[in-house]
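In what follows, a single structure is set out as structure tokens and then discussed.
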Amino acid sequence: MTNRLFRRAAAVVVAAVLGGGVALAAASPAQAATTCKHGENTVASPTGGAGATAAAGICIDSTGHAWIDWYDYNYVKDRKADGYAARVYVYWATRYTGAIAVDDTATSQPAMLSWESNGGTQYRWTEVWVCLGFAQPEDGSGRCALVVYHT
């Protein structure tokens, strides 16, 4: 009789553990709804050579909520004392946001990027751009470069 009770108790424990595993496995698809993409690019200085480098990771969940991936190394670094500060912009929900970070050669450390959309949208296309001076991605000046895009 004791052996039978032990086996039933063991079966209950195994069922609870497996049931918990099923619950954990069921949580995974919700996490899979968030995808992240990473990119890095350098824009040339109008005076020659590298002007600025930026790296960013963009995450978007299934509701259209987008953000800079806080688990990634996201930065902008001005590479040359050419009079053009490095700026980063985000294109989201049919408009540009930013500059979200600015760096110039007066500082030796890069500027860290931080941005979040604060809500969902049906426009899932999100881009991060690095630009020099007051150039913006849509002005066609040639002083901007796409860092990463995410759909």
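Rule-based calculations on the coordinates, nothing more; no lab input. Values in this document were obtained by computation on a predicted structure and should not be read as measured data. Reconstructed Cβ throughout: ideal geometry from the backbone, glycine too, with neighbour counts over all protein chains shown.
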Nearest-0.05 FRET efficiency for A81 and T35 at R0 = 25 Å, using Cβ-Cβ distance, is 0.05
Around D72, which amide H atoms from residues at least 5 apart in sequence, or from another chain, sit under 5 Å from its own amide H, with H modelled in the peptide plane? none
If you count, for each residue, the other Cβ atoms within 10 Å and average over each peptide, how do 68-77, 124-133 line up from highest to lowest? 124-133, 68-77
Residue by residue through the range 116-122, which ³J(HN,Hα) values in whole Hz follow from phi under the Karplus form 6.51 cos²θ - 1.76 cosθ + 1.60 (θ = phi - 60°), with glycine and proline marked x? 8, 6, 6, x, x, 8, 6
Measure off 7 Å from each Cα along the Cα-to-Cβ vector at M112 and A50, then give the distance between these two points in nanometres to one decimal. 2.2
Rounded to the nearest 0.05, what FRET efficiency do E138 and V102 give with R0 = 25 Å and r taken as the Cβ-Cβ distance? Could you check? 0.85
